[in-house]
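Chemist: The structure is given below, and queries will be raised subsequently.
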Amino acid sequence: MKRFDIVRKRKWFFLISIVLLVAGALAMVVIKPNLGTDFKAGTRVQVQLQPGFQSGEVASLFDSIGLKQANVTTAGNQGEVAVVRLTDKISPDQEASIKKALKAKYPNSLDPEIVSVDPTVANEMKNKAILAILVASVGIIVYMAIRFEYRFAISGVVSVLQVVLLVLSIFTLLQIEIDLPFIAALLTIVGYSIHDTIVIFDRIREKMRLKKVKTKSDLEELVNESLWETMNRSINTILTVVFAAGALWLLGGQAIRNFSLALLIGLVIGGMSSIFIASQIWVSWRERSLKG
């Protein structure tokens, strides 16, 4: 049975990737990411009430104690958790007023979890999150440049950054909150994706040592063989992490739900990108030094 020629169809994969990235960039400009309290100044109040509570009642409750424009959403398996976001950092007196008002209105409610972040800390957190991803990318480039060559390194990092942007775009479209656990998930995805890419690159390098590559056709055939020889390993790895991340998302608590969802989406995209994007970038670049 003839195998699908992944390498010679790479222009289609590039086109799909570019379309998705442009759509994602537009989404982030028009819709804008739903930044959590970690990256946006303000206050986040999370309290367990009873299933079926009215968001409007909770908003009115906050309004009655002088905290207007409260954005209330529901969470929890049965919609029993109220998540209230305020645009300003609150004082200790206001925090006490929130607890007192919630207890009076909902006697069976648990003590609320209140997190406040001022603008300076929020900006610092955003900068550190971006820096963490950039440091990881630079580290990957240095390692792969030493371990392989600079073309492998840059191709791998471009592929990884594409995965990061796509995951961020999906979260923006779905308006899922982006917080510190999300950044942790992104760094995990970066590590997984580059590991899968290195396996493919290592097979390409091994085959190039054994086979002389003189033409573009030779190179495309070699890379296509390498991709198919590592395909079972890549698919099995993707399925394994999907089962693990999926179980974490379905059975884990509310606190790690966004983290596990980011992992689930990112690990799948990362696995696909290592096959259809990373090696294709390298082939297109490497072909410039060959004839025919």
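The values are calculated or read from the model by the stated rules, or taken from the named source; none is laboratory data. These numbers were taken from a predicted model, which means no experiment stands behind them. Don't worry about glycine lacking a Cβ; one is built from the backbone with ideal geometry, like all the others, and counts go over all protein chains shown.
Chemist: For the stretch 265-280, state whether one or more residues are surrounded by 14 or more Cβ atoms within 10 Å (Cβ to Cβ), in the same structural domain as Asp179 (by TED's automatic domain parsing), without any contact (Cβ under 8 Å) to a residue 60 or more places away in the chain and in a helix (DSSP H, G or I).
Modeler: Narrowing the stretch 265-280 to residues surrounded by 14 or more Cβ atoms within 10 Å (Cβ to Cβ): 265-280.
From what is left, the residues that are in the same structural domain as Asp179 (by TED's automatic domain parsing) are 265-280.
Then keep just the ones that are without any contact (Cβ under 8 Å) to a residue 60 or more places away in the chain; that gives 268, 272.
Subset that is in a helix (DSSP H, G or I): 268, 272.
Yes, the stretch 265-280 has at least one match.
Chemist: Looking at this structure, is Gly56 within 30 Å of Pro112 (Cβ to Cβ) and either out of contact with any His (no Cβ under 8 Å at 6 or more places or on another chain) or touching a residue at least 40 places away in the same chain (Cβ under 8 Å) (or both)?
Modeler: On the way: within 30 Å of Pro112 (Cβ to Cβ): yes; either out of contact with any His (no Cβ under 8 Å at 6 or more places or on another chain) or touching a residue at least 40 places away in the same chain (Cβ under 8 Å) (or both): yes.
Here the answer is yes, as Gly56 does meet what is asked.
Chemist: Between Val157, Val167, which is under 26 Å from Phe14 (Cβ atoms), assigned by TED's automatic domain parsing to the domain that holds Arg257, in contact (Cβ under 8 Å) with a residue 40 or more places away in the chain and not charged (D, E, K, R)? Walk me through it before giving the result.
Modeler: On the way: Val157 fails: in contact (Cβ under 8 Å) with a residue 40 or more places away in the chain.
Matching residue, one of Val157, Val167: Val167.
Chemist: When the stretch 1-46 is examined, which residues are found to be part of a helix (DSSP H, G or I), free of Cβ contacts under 8 Å to residues at least 12 places away in the same chain and not aliphatic (A, V, I, L, M)? Before the answer, list the steps.
Modeler: First pass over the stretch 1-46, keeping only residues part of a helix (DSSP H, G or I): 7-30.
Cutting the leftovers down to free of Cβ contacts under 8 Å to residues at least 12 places away in the same chain gives us 9, 11-12, 15-16, 18-19, 22, 26, 29-30.
Lys9, Lys11, Trp12 - these are the residues of the stretch 1-46 that are part of a helix (DSSP H, G or I), free of Cβ contacts under 8 Å to residues at least 12 places away in the same chain and not aliphatic (A, V, I, L, M).
Chemist: Still on this structure, please answer the following. From the set of residues in the stretch 229-255 that are part of a loop (DSSP other than H, G, I, E, B) and over 16 Å from Val199 (Cα atoms), which is modelled with the lowest pLDDT? Outline the logic, then answer.
Modeler: Initially, the stretch 229-255 is screened for residues part of a loop (DSSP other than H, G, I, E, B), giving 230, 252-253.
Pick out the ones that are also over 16 Å from Val199 (Cα atoms) and you get 252-253.
On the way: Gly252: 73, Gly253: 68.
The extreme case among them is Gly253.
Chemist: Among the candidates Asp38, Asp5, which residue alone is buried (at least 19 other Cβ atoms within 10 Å of the Cβ) and acidic (Asp, Glu)?
Modeler: On the way: Asp5 fails: buried (at least 19 other Cβ atoms within 10 Å of the Cβ).
From the options Asp38, Asp5, the qualifying one is Asp38.
Chemist: Are any residues in the stretch 45-96 at pLDDT below 80 and aromatic (Phe, Trp, Tyr), and if so, which ones?
Modeler: Scanning the stretch 45-96 gives a single hit, Phe53.
Chemist: For the structure I just gave you, tell me whether Leu290 is out of contact with any Gly (no Cβ under 8 Å at 6 or more places or on another chain) and farther than 23 Å from Gln162 by Cα.
Modeler: Details: out of contact with any Gly (no Cβ under 8 Å at 6 or more places or on another chain): yes; farther than 23 Å from Gln162 by Cα: yes.
Criteria met by Leu290.
Chemist: Let me ask you something else. When you go through (1) closer than 23 Å to Glu206 by Cα; (2) loosely packed, with under 13 Cβ neighbours inside 10 Å; (3) among the hydrophobic types (A, V, I, L, M, F, W, C) one by one for Ala104, which number turns out not to apply?
Modeler: (1)
Chemist: Regarding Leu219, is this residue assigned to a helix (DSSP H, G or I), in the same structural domain as Ile204 (by TED's automatic domain parsing) and touching a helix residue (DSSP H, G or I) at 6+ places or on another chain (Cβ under 7 Å)?
Modeler: Working: assigned to a helix (DSSP H, G or I): yes; in the same structural domain as Ile204 (by TED's automatic domain parsing): yes; touching a helix residue (DSSP H, G or I) at 6+ places or on another chain (Cβ under 7 Å): yes.
In short, yes.
Chemist: Would you please name the residue that is nearest to Ser273 (Cα to Cα), looking only at residues in the stretch 195-228 that are free of Cβ contacts under 8 Å to residues at least 24 places away in the same chain and hydrophobic (A, V, I, L, M, F, W, C)?
Modeler: Out of the qualifying residues, it is Leu222.
Chemist: Something else: Considering (1) among the basic types (Lys, Arg); (2) closer than 30 Å to Val81 by Cα; (3) modelled with pLDDT of 85 or more, say which one Lys216 fails and leave the rest.
Modeler: The number of the failed condition is (2).
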